[in-house]
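Structure, as structure tokens:
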Amino acid sequence: MIASEEQLINAAVRLFQGSDSAVAFTGAGMSTASGIPDFRSPGTGKWENADPREVASLTVFRNSPEEFYEWVRPLAQQMFSAAPNPGHRALAALERAGFLTTLITQNIDQLHRRAGSKEMFEIHGNIGTASCPSCGCTYASNQFKDDLLQEEIELPTCTQCRCILKLDIILFGEILPEKTMCNAQKAVLSCDLMLVAGSSLQVFPAADLPAMAHRNGASLIIINHEETYLDSVARIVLRADVAKALPAIVGRLPTR
Ligand code: ZN
């Protein structure tokens, strides 16, 4: 018999109740309800025909920063003006209630942080800061946010050495931040429950983390519209909207 969504949500609630250390792993599907497209998938707006693996790459940023900023500008505009959705808020509530130890996100939009999540690793960086590739100075994006939102912008440059700044997001061709990844892996290896929410687990090495949790004996809950490569080993797979399913789970959990 195929379990109903209702039954699957109740089963997820029971797994959280029986867990001592749960970690959430989130991806682009988390923010679609906030109006942010998955920038790693082709088919969005102006870049419909562009392969994100090419345009969102370190090579393009280095060789043609204008082209890179032309690509990132509409995306940054959407991210700066978006608001956290009930899914983000549910994960923050799950942490506050003591049912979630750590959140690992592939998203760069800072919506988890704005929703109130605290113990968090943004393994692909975030748009909140930019750094100088030459001297390493870091700047808050607020300092050039207005410029970034203009149609014709001067590219943000380092006040120390005039180099063009790079937003602190991990591009294709770039290595994930070592310390953040290391801490995320530690959290993964000490969890007994891994919730995958809004990720199709297609971007590696990030998508290795839930597999690592599974190999280490953690139960998996996967909530995503599309199939993932770990569906067959997950305890619960919910083909649902995370912005609806997560609040439903949180709403049924008592306070710890
Ligand atoms: Zn500099």
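The values are calculated or read from the model by the stated rules, or taken from the named source; none is laboratory data. Predicted, not measured: the structure shown is a model, and the values here were computed from it. As a convention, Cβ positions derive from the backbone with ideal geometry for all residues, glycine included, and neighbour counts pool all protein chains shown.
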Okay, helices (runs of 4 or more DSSP H) sitting entirely in region 105-219 with 3 or more residues that are away from the ligand (no atom under 16 Å from the Cβ) and over 19 Å from the mean Cα position of the chain (by Cα), I get 145-149
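For (1) within 19 Å of ALA82 (Cα to Cα); (2) without any contact (Cβ under 8 Å) to a residue 40 or more places away in the chain, each residue gets a yes or a no:
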{"site": "ALA115", "(1), (2)": "yes, yes"}
{"site": "ILE123", "(1), (2)": "no, no"}
{"site": "ASN126", "(1), (2)": "yes, no"}
{"site": "SER134", "(1), (2)": "no, yes"}
{"site": "CYS137", "(1), (2)": "no, yes"}
{"site": "LYS145", "(1), (2)": "yes, no"}
{"site": "LEU149", "(1), (2)": "yes, no"}
{"site": "CYS158", "(1), (2)": "no, yes"}
Of LYS186, LYS179, the only residue that is under 30 Å from LEU238 (Cβ atoms) and at pLDDT 90 or above is LYS186
Note on region 91-114: residues surrounded by 20 or more Cβ atoms within 10 Å (Cβ to Cβ) and among the hydrophobic types (A, V, I, L, M, F, W, C) are LEU91, ALA92, ALA93, LEU94, PHE99, LEU100, LEU103, ILE104, ILE108, LEU111
